[in-house]
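The values are calculated or read from the model by the stated rules, or taken from the named source; none is laboratory data. Here the structure is a predicted model, which is why all the values come from computation and not from measurement. Please note: Cβ atoms are built from the backbone with ideal geometry, for glycine as well, and neighbour counts cover all protein chains shown.
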Amino acid sequence: MQLFSSPASPFGRKVKVAAHELDLLGRIEINNASLSPIAPHEGVSAANPLGKIPCLITDEGEPLFDSRVIIEYLDSLHGGTSLFPAHGPARWRALTQQALGDGIMDAAVANRYETVLRPEDLRWPEWSQGLMLKVTRGLARLEEMADSLSSTPDIGVLTIACALGYLDFRYADRSWRSGHPKLAAWFEPFSQRPSMQATVPHA
Ligand code: GSF
């Protein structure tokens, strides 16, 4: 399989962490693609018309996107313990945690485009503030639920961990740990997992 991703992509990291936890990393060749909404990557756009990473090309040549679909696919190949709780409240909780982590990453990535890519004279501070308010509120919710966050990986907590890792990478100045002590205490051991250590984002 081939995975279009980049070392900085939080959604790509999500897929890599999942692949690592599922012991499938050895079957995936990583194709690093540098791209942005204004600088698409030809190979990625050919596979995913949305022009986004991560995008997985299966051994059968089928392109799969986005991170949610790719991880479900990898999980289906695995056969062992699933990253997706099978049913009941645990399943809906994990999927909602995934949605929360994805949403924090979506807002943080969009704000990065707004504040780094967009020409300075076209920037709109209220838009940027609105995006970062989603991050702030998301962190507050995570702090409230920190006691119930699993210390073993499932689709929910691995997404949350990638979101927090992205804040460390791109928004270190915002020091998310301050004001979120329980969340920080949960993240500390989780971030030491080999899957997380092997995928620390970089430029
Ligand atoms: C989001 C992927 C995404 O925003 C998923 O895979 O779960 N819902 C999707 N990817 C970004 C890179 S990143 O920040 O991980 C991307 O490809 N941006 C380029 C663009 O044109 O938006």
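Going through segment 149-177 one residue at a time, which ones are in a loop (DSSP other than H, G, I, E, B), without any contact (Cβ under 8 Å) to a residue 60 or more places away in the chain and surrounded by fewer than 21 Cβ atoms within 10 Å (Cβ to Cβ)?
Initially, segment 149-177 is screened for residues in a loop (DSSP other than H, G, I, E, B), giving 149-154, 171, 175-177.
Subset that is without any contact (Cβ under 8 Å) to a residue 60 or more places away in the chain: 149-152, 175-177.
LEU149, SER150, SER151, THR152, SER175, ARG177, listed by residue number.
The set of residues in segment 83-97 that are assigned to a loop (DSSP other than H, G, I, E, B) and either at positive phi or free of Cβ contacts under 8 Å to residues at least 12 places away in the same chain (or both) comprises ALA86, HIS87, GLY88.
Among all residues of segment 153-171, there is at least one that is over 18 Å from VAL17 (Cα atoms) and at pLDDT 95 or above. Among residues of segment 67-81 that are among the hydroxyl-bearing types (Ser, Thr, Tyr), those with a beta-carbon under 6 Å from a residue that is within 12 Å of the ligand (Cβ to nearest atom) at least six positions away or on a different chain give the pairs SER67/PHE11; SER67/LYS14; SER67/VAL15; SER67/PRO54; TYR73/LEU64.
Does GLY130 qualify as being at positive phi and either among the β-branched types (Val, Ile, Thr) or more than 17 Å from the chain's Cα centre (by Cα) (or both)? Please lay out each step first, then the result.
Values: at positive phi: no; either among the β-branched types (Val, Ile, Thr) or more than 17 Å from the chain's Cα centre (by Cα) (or both): yes.
Against the criterion (at positive phi and either among the β-branched types (Val, Ile, Thr) or more than 17 Å from the chain's Cα centre (by Cα) (or both)), GLY130 does not qualify.
Once segment 84-121 is narrowed to residues that are within 13 Å of the ligand (Cβ to nearest atom) and of a type in the set (S, T, N, Q), the residue that is nearest to the chain's Cα centre (by Cα) is GLN98.
Summed over segment 29-64, residues that are surrounded by 18 or more Cβ atoms within 10 Å (Cβ to Cβ) and under 23 Å from THR81 (Cα atoms) total 2.
Residue by residue, here is whether (1) over 17 Å from TYR166 (Cβ atoms); (2) modelled with pLDDT of 95 or more; (3) surrounded by 17 or more Cβ atoms within 10 Å (Cβ to Cβ) holds:
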| residue | (1), (2), (3) |
| --- | --- |
| ILE104 | no, yes, yes |
| ASN111 | no, yes, yes |
| ARG118 | yes, yes, no |
| ARG123 | yes, yes, no |
| GLN129 | yes, yes, no |
| ARG137 | no, yes, no |
| LEU142 | no, yes, yes |
